[in-house]
1. With a point put 7 Å past each Cα toward its Cβ, work out how far residue 18 is from residue 49 in nm, to one decimal.
2. Show me the trypsin sites (Lys or Arg not before Pro) within the chain that DSSP assigns to loop and that have at most 15 other Cβ atoms within 10 Å of their Cβ.
3. Whole number in Å², please: accessible area per residue of the chain, 1.4 Å probe, ligands, DNA and RNA not counted.
4. For residue 8, tell me the accessible area in Å² from a 1.4 Å probe, rounded to the nearest 10.
5. When only Cα pairs under 8 Å and 6 or more residues apart are kept, what is the percent relative contact order across the stretch 2-61?
6. Run the helix sum for the chain: -39,500 (n - 2.57) per DSSP H stretch of 4+ residues, divided by residue count, reported at 222 nm to the nearest 500 deg cm²/dmol.
7. For residue 35, what is the net charge nearby, where nearby means another residue's Cβ is under 14 Å from its Cβ and Lys, Arg count +1, Asp, Glu -1?
8. Tally Lys and Arg at +1 and Asp and Glu at -1 over the other residues with C-beta under 11 Å from the C-beta of residue 54: what net charge comes out?
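The values are calculated or read from the model by the stated rules, or taken from the named source; none is laboratory data. This is a predicted model, so every value here is computed, not measured. Cβ: placed from backbone, ideal geometry, glycine included. Neighbour counts: every protein chain shown. Side chains are part of the model used for accessible areas, which takes the heavy atoms of the whole protein and leaves out ligands, DNA and RNA. Shrake-Rupley method; radii C 1.70, N 1.55, O 1.52, S 1.80 Å.
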Amino acid sequence: MAVPFRRTSKTAKRKRRTHYKLSKPTLVVDPQTGDLVLPHRVSPITGEYKGKKVVNVKEAE
């Protein structure tokens with residue numbers, strides 16, 4: 001197995017690791033409730049997708 005000739009410097013290591021950051025999820029406004037939801041997913045609040053009822057959601061008691 002190959003072994004590096006020189007030790008990797010702190011700067012080189014940190015430049016490589018700059019791409020490891022988290023990305024924030026894309027959110028869209030639900031037209032029915034006005035809440036932020038993930039796009040192309042069933043709304044967890046209303047249970048609708050593209051204006052059609054897909055899932056029956058139990059209401060909070």
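1. 4.0 nm
2. The qualifying sites are 6, 7, 21, 41, 50, 58.
3. Per-residue value: 106 Å².
4. Probe radius 1.4 Å; accessible area of residue 8 about 80 Å².
5. Relative CO of the stretch 2-61 lands at 15 percent.
6. -3500 deg cm²/dmol
7. That sum, taken over residues with Cβ under 14 Å, equals -1.
8. Net of charged neighbours comes to +3.
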